[in-house]
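*Asks:* Quick one: the structure is below, and I'll ask about it shortly.
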Amino acid sequence: MAALRRYEILDTEPEQEFDDIVSLVKSIFHTRYASITLIDIDRQWNKATAGAERREYPRRQTFCDHTIRGSGPMAISNALHDSRFQHLDAVTGDASIRSYLGVPLTSPDGYNIGAICVFDTEMREFSEAEKAVLQNFSKVVISQLELRLIARQDSLTGSLTRRAFLERLDREIATGATATLLMLDVDHFKAVNDTYGHSTGDEVLKAVATTARRNLRRGDSFGRLGGEEFGILLSGTDGADALHLAERLRSDLAGRRHAMIDNGVVTLSLGVAEHRPGETRDEWLLRADQALYAAKSSGRNRSVLAR
């Protein structure tokens, strides 16, 4: 489950790269259906499908739940004659699935997180060559997942990219739950770069990211919005509690010695804004940014709660 969640792909919108893969696989195998599936704790969720609806199913009712328990292809020529599958709704119901070929999607660290599969209403034997072809496609899917992950992660600090962080804000707004946004800026960062060089500036940004992660809870989001500016999304947290966390983060960073600069002190200015009902993402960002500006203009190394 940890390997699957690392990709942050469950319940995401369709993506052309994965849709193209299943369309190509379907045409190569001449089957009625093809899917890229991900196996969650108690469900199978389809990231991409060709010929079928993109939906989820109870995990115990799926072929792919069995596929991920092995290390290679799983082929079913006639599901009605296989005691593992003859009772499945997909076999006995309107779908009438008879043949299936699936290959696990194995993460680089060795965990099976889902499968790529083809299936049909006709009985069919799958050759060793066909199994090898689908195995190659499973590697393509994993490569695409890894590229997608890289695109969502800032290479220097390990935080979310701006795009990925803004997507988190959109999802949070859609839930309607209480949430607060922190925007933080490294004080006098230009002077650090000008005095000590960009490599030292990079070390300062890494120190900020490390401090932020040390103070955040599981489920909070941390992203780099640009340059020396970062954002933190605190789910289920109101403005008052978020202000306490902002102060704790600020004090933590300011209280540590940073050997890469002469005086050893790195400080932050922070703006804190609780989301208002009906407020758009841009409006929310603007209020947090205005609070950040107030913190900087009133002396820096402080946190300000937006009105």
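*Asks:* Could you pull out the residue among 227, 223, 219, 197 that is buried (at least 21 other Cβ atoms within 10 Å of the Cβ) and either within 17 Å of residue 303 (Cα to Cα) or assigned by TED's automatic domain parsing to the domain that holds residue 291 (or both)?
*Replies:* When all the criteria are applied, what remains is 223.
*Asks:* Mind checking which strands (runs of 3 or more DSSP E) fall wholly inside the stretch 127-235 and carry at least 3 residues that are among the aliphatic types (A, V, I, L, M)?
*Replies:* Where strands (runs of 3 or more DSSP E) fall fully within the stretch 127-235 and carry at least 3 residues being among the aliphatic types (A, V, I, L, M), they are 179-186, 229-235.
*Asks:* Please go through the stretch 77-103 and pick out each residue that is surrounded by fewer than 24 Cβ atoms within 10 Å (Cβ to Cβ) and touching a residue at least 24 places away in the same chain (Cβ under 8 Å).
*Replies:* Within the stretch 77-103, 77, 78, 88, 89, 90, 95, 96, 97, 98, 99 qualify.
*Asks:* Quick test for you: out of 287, 276, pick the one residue that is surrounded by 15 or more Cβ atoms within 10 Å (Cβ to Cβ) and either of a type in the set (Lys, Arg) or outside the structural domain of residue 181 (by TED's automatic domain parsing) (or both).
*Replies:* Result of the check over 287, 276: 287.
*Asks:* If you don't mind, another one. Taking the stretch 272-297 only, how many residues are at pLDDT below 95 and either in a helix (DSSP H, G or I) or under 25 Å from the mean Cα position of the chain (by Cα) (or both)?
*Replies:* Residues flagged as at pLDDT below 95 and either in a helix (DSSP H, G or I) or under 25 Å from the mean Cα position of the chain (by Cα) (or both) within the stretch 272-297 amount to 0.
*Asks:* Could you check the stretch 1-90 for strands (runs of 3 or more DSSP E) lying wholly inside it with 2 or more residues that are at negative phi and among the hydrophobic types (A, V, I, L, M, F, W, C)?
*Replies:* Ranges flagged: 33-39, 43-50, 74-76.
*Asks:* Quick one: residue 29 ticks every box in (1) closer than 30 Å to residue 6 by Cα; (2) hydrophobic (A, V, I, L, M, F, W, C); (3) touching a residue at least 24 places away in the same chain (Cβ under 8 Å) bar one, so which box is it?
*Replies:* Of everything listed in (1) closer than 30 Å to residue 6 by Cα; (2) hydrophobic (A, V, I, L, M, F, W, C); (3) touching a residue at least 24 places away in the same chain (Cβ under 8 Å), residue 29 misses just condition (1).
*Asks:* Before we move on, is residue 248 of a type in the set (D, E, K, R) and either in a loop (DSSP other than H, G, I, E, B) or surrounded by 21 or more Cβ atoms within 10 Å (Cβ to Cβ) (or both)?
*Replies:* Considered against the rule, which asks whether it is of a type in the set (D, E, K, R) and either in a loop (DSSP other than H, G, I, E, B) or surrounded by 21 or more Cβ atoms within 10 Å (Cβ to Cβ) (or both), residue 248 comes out as no.
*Asks:* Take residue 135 and tell me if it is in contact with a Pro (Cβ under 7 Å, 6 or more places away or on another chain) and either under 30 Å from residue 277 (Cβ atoms) or assigned by TED's automatic domain parsing to the domain that holds residue 10 (or both).
*Replies:* yes
*Asks:* Could you please let me know if residue 98 is in contact with a helix residue (DSSP H, G or I) (Cβ under 6 Å, 6 or more places away or on another chain), over 25 Å from residue 52 (Cβ atoms) and either at pLDDT below 95 or assigned by TED's automatic domain parsing to the domain that holds residue 31 (or both)?
*Replies:* no
The values are calculated or read from the model by the stated rules, or taken from the named source; none is laboratory data. From a predicted model like this one, the values you see are computed outputs, not experimental measurements. Every residue, glycine among them, receives a Cβ derived from its backbone with ideal geometry; neighbour counts consider all protein chains shown.
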